[in-house]
Amino acid sequence: MDIELHLLGLLGLLIHYLKDWEQNNREGKKYTIGKALPTFFLSLITTQVLIYLHKDIEALYVVTPFAAVVLGYLGNSVFFSFVTAKKPSSVVMASGDNGSREAIWFEKFSDFPQQGDETKLYYDASTDEYYYWTGTMYARWVGPRPPKPPKPPL
């Protein structure tokens with residue numbers, strides 16, 4: 001059964017690259033094997049390792065014969081999507097910020113003002129975490145980490 005799964009994974013990988021070649025050919029683009037080789041080998045290794053470990057990962061992903069073909073076919077697509085993904089300019093940070101907020105230093109979270117300012121970040125020195133005011137409460141900042149704010153004079 002293991003050899004069958006490995007061969008089906010290879011079949012899925014082959015189908016992916018044949019489809020890619022056909023699409024490039026239809027669009028009149030030049031498709032060179034040299035350009036595809038690095039991602040092909042990475043996809044091949046990833047697919048084969050996941051199939052080899054299928055008994056160990058069955059709680060997460062059950063590798064059936066059909067799943068092996070899908071894994072081979074999608075392995076490169078998913079990997080390539082992650083590698084080439086770019087943040088669209090229209091996407092804003094999770095907190096609605098572009099990374100230019102002023103940060104204010106506080107010794108601990110309980111020292112934050114009762115009501116915050118939505119345009120500022122609040123730095124908790126005891127945990128080395130940043131927070132922002134949502135309008136009703138403080139939430140942990142998950143955007144780009146700004147430089148540490150200066151400690152206020154005593």
Pair list, Cβ < 9 Å and 6+ apart or interchain, from the stretch 44-58 residues that are exposed (fewer than 15 other Cβ atoms within 10 Å of the Cβ) to residues that are not in a helix (DSSP H, G or I): L53/V63; K55/V63; I57/V63
Members of the stretch 107-143 that are aliphatic (A, V, I, L, M) and under 26 Å from the mean Cα position of the chain (by Cα): L121, A139, V142
Tally of residues being of a type in the set (D, E) and either modelled with pLDDT under 90 or surrounded by 14 or more Cβ atoms within 10 Å (Cβ to Cβ) (or both) across the stretch 94-114: 2
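Going by what's in this entry, would D117 be described as at pLDDT below 75 and acidic (D, E)? Before you say what the answer is, go through the steps one by one.
Working: at pLDDT below 75: no; acidic (D, E): yes.
For D117, the condition - at pLDDT below 75 and acidic (D, E) - is not met.
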Inter-residue pairs, beta-carbon under 8 Å, first free of Cβ contacts under 8 Å to residues at least 60 places away in the same chain and in the stretch 129-154, second polar (S, T, N, Q), 6+ apart: Y132/S95; W133/Q115; A139/S95; W141/S95; V142/S95; G143/S95
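Can you go through L13, L7 and tell me which one is under 13 Å from L71 (Cα atoms) and touching a residue at least 24 places away in the same chain (Cβ under 8 Å)? Write out each step before concluding.
Values: L7 fails: touching a residue at least 24 places away in the same chain (Cβ under 8 Å).
Exactly one residue qualifies, and that residue is L13.
The values are calculated or read from the model by the stated rules, or taken from the named source; none is laboratory data. Remember, predicted model here, so these are calculated numbers, not experimental data. No Cβ is skipped: glycine too gets one built from the backbone with ideal geometry, and neighbour counts run over all protein chains shown.
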